[in-house]
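The values are calculated or read from the model by the stated rules, or taken from the named source; none is laboratory data. Because the structure is a prediction, the values reported are computed rather than measured. Cβ placement follows ideal geometry from the backbone for every residue including glycine, while neighbour counts extend to all protein chains displayed.
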Amino acid sequence: MGEYDTHTDLEEEKVWIAASKLDIGGFEPLYKHYYDEIYRFIYRRTDSQVLAEDLCANTFYKALRNISKYEFRGKPFGHWLYRIAGNEVNRHYRKRRPLFIIDHQKVSEPLGIERSETHDIEKKLRFVFTQLSETDIWFIELKYFEGLTFKELSIRLDQGESAVKMRHYRLLDKMKTLLQERYEED
């Protein structure tokens, strides 16, 4: 779902986008391809199935409503959907504190958090995520929760694979530093 390995996949997506611009029914392949991925993205920020479904519906409604304005720029359509979904979540939480649903098993090891610290892992990771930008959180989600490879990330982010790896390691270092500064006395 939402994974791209070849230029052919992007070409197929361009066909779906063109069909969507001509007929509302042409949007179906894009919807089916991205729905689960976008839903999970929103759910991790809301921890509510009902709210995630509502915001996901809003995301796809807005994408469909504005498909005629969409311009293909060499990136997967999902890149645009993530931006819309992120805006929907932000709009919902404007007056509330954002929520992060974190599967600590997927990110604790790369951050060097010991299994013996499991009682504090959630608290520590929530702190770290509140200190990161939306773009950094999205990157971590794609890498660890969606399980994208560096190659898939490079396609999704329209960056070279080495640049994606560098960003990944710098982001992990940033997260480790935040943890050390905040919890070094523990």
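List of remarks:
- Counting only residues that are among the polar types (S, T, N, Q) and modelled with pLDDT of 90 or more, segment 11-53 holds 2 of them.
- The single condition from (1) surrounded by 12 or more Cβ atoms within 10 Å (Cβ to Cβ); (2) out of contact with any Pro (no Cβ under 8 Å at 6 or more places or on another chain); (3) modelled with pLDDT of 80 or more that GLN180 fails is (1).
- Only listed residue being among the hydrophobic types (A, V, I, L, M, F, W, C), surrounded by fewer than 16 Cβ atoms within 10 Å (Cβ to Cβ) and at pLDDT below 85, chosen from PHE145, PHE127: PHE127
- Taken together, the residues in segment 39-53 that are of a type in the set (S, T, N, Q), surrounded by 14 or more Cβ atoms within 10 Å (Cβ to Cβ) and either in the same structural domain as ILE137 (by TED's automatic domain parsing) or touching a Phe, Trp or Tyr at 6+ places or on another chain (Cβ under 8 Å) (or both) amount to 0.
- Residue check, ILE24 in the same structural domain as ASN87 (by TED's automatic domain parsing), within 19 Å of HIS92 (Cβ to Cβ) and among the aliphatic types (A, V, I, L, M): no
- Looking only at segment 139-156, and only at residues there that are touching a residue at least 60 places away in the same chain (Cβ under 8 Å) and part of a helix (DSSP H, G or I), the one that is farthest from LEU81 (Cα to Cα): LYS151
- Figure legend. Inter-residue proximity from segment 169-184: first residues in contact (Cβ under 8 Å) with a residue 12 or more places away in the chain, second residues outside any helix (DSSP H, G or I) and surrounded by fewer than 14 Cβ atoms within 10 Å (Cβ to Cβ), beta-carbon distance below 8 Å, spacing 6+ or different chains. Indicated pairs: LYS176/GLY112.
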